[in-house]
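The values are calculated or read from the model by the stated rules, or taken from the named source; none is laboratory data. From a predicted model like this one, the values you see are computed outputs, not experimental measurements. FYI the Cβ positions are ideal-geometry reconstructions off the backbone, even for glycines, and counts take in every protein chain you see. To get the accessible areas, we keep the full protein, side chains included, count just its heavy atoms, and leave off ligands, DNA and RNA. Shrake-Rupley method; radii C 1.70, N 1.55, O 1.52, S 1.80 Å.
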Amino acid sequence: MTAVLFLIQAAFGFYILAVMLRFLLQCVRADFYNPLVQFLVRITNPPLRLLRRIVPNYRGLELAAVVLAFVLQLLEIWLVTTLLGQRAGIGGLLLLAVGELLKLLINIYLWGVVIQAVLSWINPDPRHPIIRLLAQLTAPVLRPARRLIPPISGVDLSPILVVVTLIFISLLLQDFLGSWAGLR
């Protein structure tokens, strides 16, 4: 049973991550010709093509990707709880799905900022497709922090502020969901 649960969570987790990254990269207007973006577009396009007929875009953002991520997360939670023999109401499932997607969003930015900070120590080629994509993805969360904390003697401390803030938000979310759902 544990192996089946692992496979379900791994498959759904990978695909939900791909859909979420596609949406976020579209939000930051990432380079469409980047090989990683092309990969994400190719693997997420089949279900999104169908959903686009139902879910309209809003201000250039593909809301079908958000709907797809939500439906997949909901399906994963339902499958896992069913296999574990647990029963959950629709309200609980919806709340858990939203919570899991928010945790994923926080983790994407958290790891993106950490990886970018570590890479800055080795000074990789800024033209590398993944480095450029990482910079484009993390810019919306790093820009405000850089305004608050300018570099000190050439050292950028803004990633520390962003990481602490993201962890704080994650803990607040965890407390809120735990208390609301009675999962303490």
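Observations, loosely collected:
- Whole-percent carbon and sulfur share, accessible surface of region 105-184, 1.4 Å: 69
- Leading residue at positive end of dipole, the chain (Cβ point charges), from 168, 74, 61: 61
- Alpha-carbon gyration tensor eigenvalues x 5, square-rooted, for region 1-101, Å: 27, 16, 10
- Each Lys and Arg adds +1 at its Cβ and each Asp and Glu adds -1 at its Cβ; summed about the Cα centre, the chain shows a dipole of about 440 debye.
- For region 49-159, a/c is not less than 1.5, where a ≥ b ≥ c are the root eigenvalues of the C-alpha gyration tensor, and a/b tops b/c. That puts it in the prolate class.
- Farthest positive-ward along the chain dipole, Cα basis, beta-carbon charges - from 86, 41, 177: 41
- Surface composition of region 1-84: carbon plus sulfur atoms contribute 72% of the solvent-accessible area (1.4 Å probe, protein chains only, all chains present).
- Cα-based helix-to-principal-axis angle, 90-122 vs the chain, degrees rounded to 10: 20
- Maximal additional length on extending the residue 10-residue 41 stretch stands at 9.2 nm, based on 0.36 nm per residue less the C-alpha distance.
- Helix 158-181 and the longest principal axis of the Cα set of the chain meet at an angle near 10°.
- Per residue accessible area in Å² of region 5-162, where ligands, DNA and RNA are left out and the probe is 1.4 Å: 60
- C-alpha long axis of helix 129-148 to longest principal axis of the chain, angle in °: 80
- Per-residue packing, averaged as other Cβ atoms within 10 Å, sorts the ranges 83-91, 7-15, 102-110 into the order 102-110, 7-15, 83-91, beginning with the highest.
- Within the chain, helix-based [θ] at 222 nm, where runs of 4 or more DSSP H residues each add -39,500 (n - 2.57), nearest 500: -27000 deg cm²/dmol
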